[in-house]
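Data block below; observations after.
The values are calculated or read from the model by the stated rules, or taken from the named source; none is laboratory data. Just so you know, these numbers come straight off a predicted model, no measurement behind them. A quick note on method: Cβ atoms are made from the backbone with ideal geometry, for glycine too, and the neighbour counts reach across all protein chains shown. We work out accessible area using only protein heavy atoms, side chains counted, and drop any ligands, DNA or RNA first. Shrake-Rupley method; radii C 1.70, N 1.55, O 1.52, S 1.80 Å.
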Amino acid sequence: MGSVARRWAELQEGRGIPPGILAQAPAPPWEHDPSYFTPPAVPADTPSRRAGLALLGAGGTVLDVGAGGGDACLALTGAATHVTANDRQADMLELFAAEATARGVPFRTVLGRWPDVAEQAGTADVVVSHHVLHNVVDLPPFVTALTAAARRGVVVEMLDEHPMAWLDGLWVTFHGLHRPPPATTDDAVAVLRELGIAPRVRRWERRTPPKQDPAWVTRRLCLPPDREPDVAAALAATPPRPRHAATLTWDAGS
Ligand SMILES: C[S@@+](CC[C@H](N)C(=O)[O-])C[C@H]1O[C@@H](n2cnc3c(N)ncnc32)[C@H](O)[C@@H]1O
């Protein structure tokens with residue numbers, strides 16, 4: 001692992017929850033709730049969608065890594081002739097399958113952790129992976145497998161900093177836990193460059209209102225449901241969740 005990738009891994013490991021706090025969590029704090037990831041009926045016109053459509057041109061196949069409910073790949077409906085959706089959560093793939101079926105998009109699903117299931121997923125004209133990089137500690141094998149799976153190019157969308165960094169103040173309030181600085185888009189781009197990939201980087205602001213639901217934040221903070229009113233009060237005094245996003249695009253063979 002190169003020195004920049006090692007720095008990314010260290011920053012990501014810093015987001016871990018100390019075992020003593022995790023042991024008291026009444027529900028798994030990091031598991032994603034599929035209900036938050038239902039794709040909109042009309043896809044948002046974002047730089048990531050435009051980048052995917054440009055790569056697809058008149059049409060082509062898509063592989064979505066960490067697909068969730070399929071927000072990234074189903075935004076390409078019409079140009080995508082077939083979608084392969086990968087996720088490590090079976091309930092996400094169930095949601096994706098229902099959404100793809102409703103839209104009449106031909107698809108298959110691949111359950112498992114990327115890049116472990118890369119061979120099973122195979123190749124596609126365009127590979128998309130939105131809001132997954134901040135979940136990854138060892139970035140080089142993840143990114144290298146994305147590139148290897150793409151015949152035309154890769155589109156990655158990510159928030160400018162770790163999506164949970166806006167809660168760092170609440171970790172201090174409720175647990176006295178001081179978090180190290182979060183990984184950022186710049187850190188991810190530096191890892192790509194270390195791998196010999198020169199991505200095109202487009203920064204923009206997300207329009208979708210970010211989730212700030214007290215029940216969800218209570219679970220994230222490993223607190224029992226009866227602490228929700230305290231969390232709601234602390235959230236009211238917390239600056240709004242940032243919306244800065246970036247689209248990273250690179251060509252196959254990079
Ligand atoms: C924040 S959600 C984003 C979902 C979707 N891409 C979107 O933009 O709405 C992250 C998703 O990536 C999945 N995930 C995280 N790491 C993964 C990995 N290494 N392999 C496969 N799926 C992964 C999670 O289960 C979750 O469904």
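Quick look at the values:
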item: Lone qualifier among Val156, Val127, Val137 - being open to solvent by 30 Å² or more (accessible area, probe 1.4 Å) and either at pLDDT 95 or above or not in a helix (DSSP H, G or I) (or both); result: Val137
item: Subset of region 145-170 that is small (Gly, Ala, Ser) and away from the ligand (no atom under 11 Å from the Cβ) - its residue that is farthest from Ala90 (Cα to Cα); result: Gly169
item: Number of positions in region 210-248 that are under 21 Å from Pro19 (Cα atoms) and open to solvent by less than 20 Å² (accessible area, probe 1.4 Å); result: 7
item: Residue tally, condition on the phi > 0 side of the Ramachandran plot and within 12 Å of the ligand (Cβ to nearest atom), over region 112-135; result: 2
item: Failed criterion for Tyr36 (all others in (1) open to solvent by 70 Å² or more (accessible area, probe 1.4 Å); (2) free of Cβ contacts under 8 Å to residues at least 40 places away in the same chain; (3) within 11 Å of the ligand (Cβ to nearest atom); (4) not charged (D, E, K, R) hold); result: (2)
item: Given (1) of a type in the set (Phe, Trp, Tyr); (2) within 11 Å of the ligand (Cβ to nearest atom); (3) under 19 Å from Leu93 (Cα atoms), number of the condition Phe142 does not satisfy; result: (3)
item: Filter result (touching a strand residue (DSSP E or B) at 6+ places or on another chain (Cβ under 9 Å), open to solvent by 10 Å² or more (accessible area, probe 1.4 Å) and not polar (S, T, N, Q)) within region 114-124; result: Trp114, Pro115, Val117, Ala118, Gly122
item: Residue within region 188-199 that is open to solvent by 40 Å² or more (accessible area, probe 1.4 Å) and within 29 Å of Leu170 (Cβ to Cβ) present; result: no
item: Residue that is farthest from the chain's Cα centre (by Cα), among those in region 1-45 that are assigned to a loop (DSSP other than H, G, I, E, B), under 20 Å from Gly69 (Cβ atoms) and at pLDDT below 90; result: Pro28
item: Residues within region 44-72 that are within 21 Å of His244 (Cα to Cα) and either open to solvent by 30 Å² or more (accessible area, probe 1.4 Å) or more than 8 Å from the ligand (Cβ to nearest atom) (or both), tallied; result: 10
item: Of all residues in region 73-105 being without any contact (Cβ under 8 Å) to a residue 24 or more places away in the chain and either closer than 21 Å to Val117 by Cα or crowded, with 23+ Cβ neighbours inside 10 Å (or both), the one that is nearest to the ligand (Cβ to nearest atom); result: Ala90
item: Filter pass, Thr249 being of a type in the set (S, T, N, Q) and in a strand (DSSP E or B); result: yes
item: Subset of region 182-194 (residues that are touching a helix residue (DSSP H, G or I) at 6+ places or on another chain (Cβ under 6 Å) and either without any contact (Cβ under 8 Å) to a residue 12 or more places away in the chain or of a type in the set (A, V, I, L, M) (or both)); result: Ala183, Ala188, Ala190, Val191
